[in-house]
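The values are calculated or read from the model by the stated rules, or taken from the named source; none is laboratory data. It should be emphasised that the depicted structure is a prediction, and the values quoted were computed from it without experimental measurement. Positions of Cβ are generated from backbone atoms using ideal geometry, with glycine treated the same way; all protein chains shown enter the neighbour counts. Just the protein is used for accessible areas: all its heavy atoms, side chains included, with ligands, DNA and RNA removed. Shrake-Rupley method; radii C 1.70, N 1.55, O 1.52, S 1.80 Å.
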Amino acid sequence: MASTRLVEAERRRPGGSETGGALALAEVMPRLVLESRRVSGTLAHGLHGRRRAGPGESFWQFRPFVTGEAAARIDWRRSARDDRLYVREREWEAAHNIWIWIDRSASMGFASDLAQTSKVERALVLGLALADTFVEGGERVGLLGLTRASASRGIVETLAQALVNDRAGLSQDLPPPASPGRFDEVVLVSDFLTPLDRVREAVQTSSAHGNRGHLVLVADPVEETFPFTGQAVLHDPEGGLSLDIGEAGAWGEAYRARIAAHRDGLSEIARQRGWTLTIHRTDRPASEAALRVLTLVAAARGLG
């Protein structure tokens, strides 16, 4: 029979042995970080494609001057280096950001011996690896309600440090009531073991301006299969309650039906807002979920 454990609060932060900053996090989860960077290399152009000339503050490139353009656009210092005239182009900066939220509440500390890792550790891997991949593709990424969006190549370290300092997030099972910009995109990573009406409200808040979004549900295989028999006691890590259920095998069918109904409700919430739902089990490689989310983002933008 499967055994389970609950990761304590300190282990639900990307600190200490888990990270020591974002790059140290990669030491615990090297496969996903490396795989996500390889994925970003193949998807960056098709997925993002926003790096182009236009109004903005960041220098992009020099290009040859074209006859008919205003002479004021010529960069005379660069042109003085050879026999051609050059124009300094700035990178176009769209007011689009990608906001990620990673659930680190008590229920996310659950892990069984059927899984590769705890739900919270997998959620941190997915969230930070996606951030790294998006930035590699030219996007700006931030933690919803916690940091500003940034296109820094050190985004993993930046976000991990913010999570280390955010102790309040250890008790929040849904994202803060922050409303992203009109064209921003949202990725929520959680087990979503929360009443559907609360999830619906959180999604509505995050999509108040018609934002696209993606729910990434992280589940332990035990939570889906309920493979227990004999006398058992259920514990609620959020509320601290315990329930002696007697013969666990008799609960299995009803439990699985309840989980299926909850998943159907989540799927409907996502569908109503034009969002997507990805279900990821912690006995599967993290790269599977990351690749699916990246593909869904591309498809939502009509680039897939």
Exercise. Consider G181 carefully, then state whether it is farther than 17 Å from I269 by Cβ and either open to solvent by less than 10 Å² (accessible area, probe 1.4 Å) or out of contact with any Gly (no Cβ under 6 Å at 6 or more places or on another chain) (or both).
Key: yes
Quiz item: Within the stretch 274-304, can you find the residues that are open to solvent by 70 Å² or more (accessible area, probe 1.4 Å), at pLDDT 85 or above and within 16 Å of F183 (Cβ to Cβ)?
Solution: none
Quiz item: Restricting attention to the stretch 76-101, which residues are surrounded by 15 or more Cβ atoms within 10 Å (Cβ to Cβ) and at pLDDT 85 or above?
Solution: S79, L85, Y86, N97, I98, W99, I100, W101
Practice problem: For A162, indicate whether it is in contact with a Ser or Thr (Cβ under 6 Å, 6 or more places away or on another chain) and surrounded by fewer than 18 Cβ atoms within 10 Å (Cβ to Cβ). | Solution: yes
Practice problem: Scan the stretch 187-202 for residues that are farther than 20 Å from S171 by Cβ and of a type in the set (V, I, T) and report the count. | Solution: 1
Exercise. Kindly indicate which of A219, A208 is open to solvent by less than 10 Å² (accessible area, probe 1.4 Å) and within 17 Å of I269 (Cβ to Cβ).
Key: A219
Self-check item: Candidates T117, T147 - the one that is hydroxyl-bearing (S, T, Y), out of contact with any Gly (no Cβ under 7 Å at 6 or more places or on another chain), under 27 Å from E201 (Cα atoms) and modelled with pLDDT of 85 or more
Solution: T147
Quiz item: So which residues in the stretch 190-214 are more than 13 Å from G274 (Cα to Cα) and either hydroxyl-bearing (S, T, Y) or in contact with a Phe, Trp or Tyr (Cβ under 7 Å, 6 or more places away or on another chain) (or both)?
Solution: S190, T194, V199, T205
Quiz prompt | Number of the exception - F192 against (1) over 23 Å from R284 (Cβ atoms); (2) in contact (Cβ under 8 Å) with a residue 24 or more places away in the chain | solution = (1)
Practice problem: State all residues of the stretch 182-241 that are more than 26 Å from A257 (Cα to Cα) and either at pLDDT 95 or above or not in a loop (DSSP other than H, G, I, E, B) (or both); if no residue qualifies, say none. | Solution: E185, V186, V187, Q204, T205, S206, R212, G213
Self-check item: Candidate set from the stretch 132-159 (those that are in a helix (DSSP H, G or I) and of a type in the set (A, V, I, L, M)); member that is surrounded by the most Cβ atoms within 10 Å (Cβ to Cβ)
Solution: L159
Quiz item: Among (1) among the charged types (D, E, K, R); (2) at pLDDT 95 or above; (3) not in a helix (DSSP H, G or I), which single condition is D173 missing?
Solution: (2)
Quiz item: Across the stretch 184-205, which residue is surrounded by the most Cβ atoms within 10 Å (Cβ to Cβ) among those that are among the polar types (S, T, N, Q) and under 17 Å from G109 (Cβ atoms)?
Solution: S190
Practice problem: Answer yes if at least one residue in the stretch 124-131 is part of a strand (DSSP E or B), of a type in the set (A, V, I, L, M) and either touching a residue at least 60 places away in the same chain (Cβ under 8 Å) or touching a strand residue (DSSP E or B) at 6+ places or on another chain (Cβ under 9 Å) (or both), and no otherwise. | Solution: no
Quiz prompt | Conditions (1) assigned to a helix (DSSP H, G or I); (2) open to solvent by less than 30 Å² (accessible area, probe 1.4 Å); (3) within 29 Å of P221 (Cα to Cα); number of the one not met by R104 | solution = (1)
Quiz item: G252 versus (1) modelled with pLDDT under 90; (2) in contact with a Pro (Cβ under 9 Å, 6 or more places away or on another chain); (3) open to solvent by 50 Å² or more (accessible area, probe 1.4 Å): which is the lone unmet condition?
Solution: (3)
